Structures are given as structure tokens and as C-alpha cells.
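Below: the structure, in C-alpha cells.
The values are calculated or read from the model by the stated rules, or taken from the named source; none is laboratory data. These numbers were taken from a predicted model, which means no experiment stands behind them. Because the Cβ atoms are built from the backbone with ideal geometry, glycine has one as well, and the counts that use them run over all protein chains shown. Quick note on the areas: whole protein, heavy atoms, side chains included, nothing else; ligands and nucleic acids left out. Shrake-Rupley method; radii C 1.70, N 1.55, O 1.52, S 1.80 Å.
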Amino acid sequence: MRAIIVDDEPDGIGTLKKMLELNCKQVNVVAACTSASAAKEKVEELKPDVIFLDIQMPGKNGLEMLTELSEKNFEVIFVTAHNEYMLQALQFSAADYLLKPVDEDRLTEAVLRVEKKLDEKSDNTNVEALLHNIHRAGTPNEMKLCIPTLKGFMVLKLEDIIVCEAERNYTLFHLLNKKQVTASRTLLDYEEILKDTTFLRVHKSFLINLQHVTEYQRGEGGVVIMSNGMEIEVSRRKKDNFLAKVKEVFRY
């Protein structure tokens, strides 16, 4: 894999190069840049397979550089300091990211995921989704969810998702118009990603979009009827949280 590292801190570049040499021998660093402007030129000239991109840099940042590139025929591993909204946007967009200081195991995992995408020739829809989500940081209900599927990626509006259902290590998304799509991530992953939205885990197997609840039938835990007709049991221990969340969302 031909790689370009973009980081405004030379020490950060040196450390990452050394970590790649020791742990990811399949990566060949063909250029290292300390500014987004220089990186844009190198990306267009060298056409790398992957870019290790620092997000927050003086002047033009890494995301602005991505926006300016006419072609995005590469994968991106974002390297960033902790920022709640930025991490949320990255998670929604199914983007690979490394927190500074970079952990060797996380680096190796990210490189292996990128290598798999390149082998499968997956498209990079997640970069487009990320650029959309960055502009809506702090308002998660307006973000788009990029889900890795068995064929590549699919970008969904949250309002189009009715129910997320656990299927072992996968998640089945029930969408508007009776469409379904299987994501290659667990329901627990999506429970964490969607925690600040109108989605709620009401059962070990179901994460529901409260905006699509049409009826609640009382019982030991109760049953919710969704807009697509699905009847979903609310577990007894999640009942109180469900009712409290419904009041919060619908303000009644």
C-alpha cells in the first residue's frame, strides 16, 4: 500500500513512520507533508492507496483538503486529538481513525481494515458521508449513517431507518418501503454510535427509532408497534427507560 502521511507536527510524522515500519510492513510511505496545501499536490501527483490524515492543522485543515480533491480514489485513516463531535462524525461515517498518541494495536487494525477494503475494491462513500456529517457536528439526528455492508458501503438518513435487529455479529436494518440491508457490525456498535439520537435499545435484539413508533401496548415490558407493522417486545428491565425516553422525545 502506497501511503502519504499528513501532519503539521514533524515529530508526529516521524513516530507514525517508525510504527508503520515496525508493525505494518505492507505500507510504503511515499510522502510526508506538514500542510494540507502540500498534501493536496502530493496526493494528486502520487495517487496513494491510503492517507494518514491529521484533521486539525493550522490554516487549511485535513477535511478542507479532502473537499478540494476532485478524485478520492484512496482510503483515509484519520489521525486526531480527542474531540467529542469529531469522533461522533467519524463513527457515523464508518471512518477509520486513530487517536493521538497513536496506539500500535489500533494502527495495525486500521491498516488491516483498509487493506481489506482495497482488496475488495470497496468504494469510499464514507468520505463523502464524513464531509456531510462534519458540517452537522453536534446535531446527530441530521447526520447520515454510513454502514459497511457485505458489498461495500451504504449511506442512510436516520429518518429512513425504522428498526435495527441483531443477527449474531451482524445488524439487519429495516428501512422505509420494506427495504432491508445487512451491516457487518454488531447491534452493540450501533447502540453506541446512535446513543444521542432518537434510537433506543428496547430489547437485546432490537434497537428502534422512536420516530417510527406508532403504538405502545402495556404489559410486563410491553410491545411497541412500528410504522412498518413490526411488533417488538420491550424487555422488562428496559421498560422504564423506554417510557422516559418517549416522554423526552415527544415532550408529553
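Here are the numbers for the structure shown:
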read-out: Counted charge near ASP54, where neighbours are those whose Cβ lies closer than 13 Å (Asp, Glu -1; Lys, Arg +1); value: -3
read-out: Cα gyration tensor category, rounded, prolate or oblate, for region 23-111 with a/c compared to 1.5; value: oblate
read-out: Residue-by-residue Karplus 3J(HN,Hα) for region 83-95, coefficients 6.51, -1.76, 1.60, Hz, glycine and proline x; value: 8, 3, 5, 5, 5, 4, 5, 5, 5, 4, 8, 6, 8
read-out: Placed amide H near VAL102: partners under 5 Å, 5+ positions off or other chain; value: none
read-out: Over 32 Å (Cα to Cα) - which of LYS116/LYS144; LYS72/LYS157; LYS25/LYS195; LYS60/LYS144; LYS117/LYS179; LYS40/LYS116 fall in this group; value: LYS25/LYS195
read-out: Kirkwood Rh, Cα atoms: Rg over Rh of the chain; value: 1.04
read-out: Probe 1.4 Å, all protein chains present, accessible-area order of ASP196, ASP8, largest first; value: ASP196, ASP8
read-out: Gaussian network model of the chain, Cα within-10 Å springs - most flexible of LYS144, LYS179, LYS72; value: LYS179
read-out: Cβ crowding within 10 Å averaged over residues, with 181-190, 84-93 ranked highest first; value: 84-93, 181-190
read-out: Accessible surface of region 81-180, 1.4 Å probe, proportion on carbon and sulfur as whole %; value: 47
read-out: Helix-only mean residue ellipticity at 222 nm for the chain, each DSSP H run of n ≥ 4 adding -39500 (n - 2.57), per residue, nearest 500; value: -10500 deg cm²/dmol
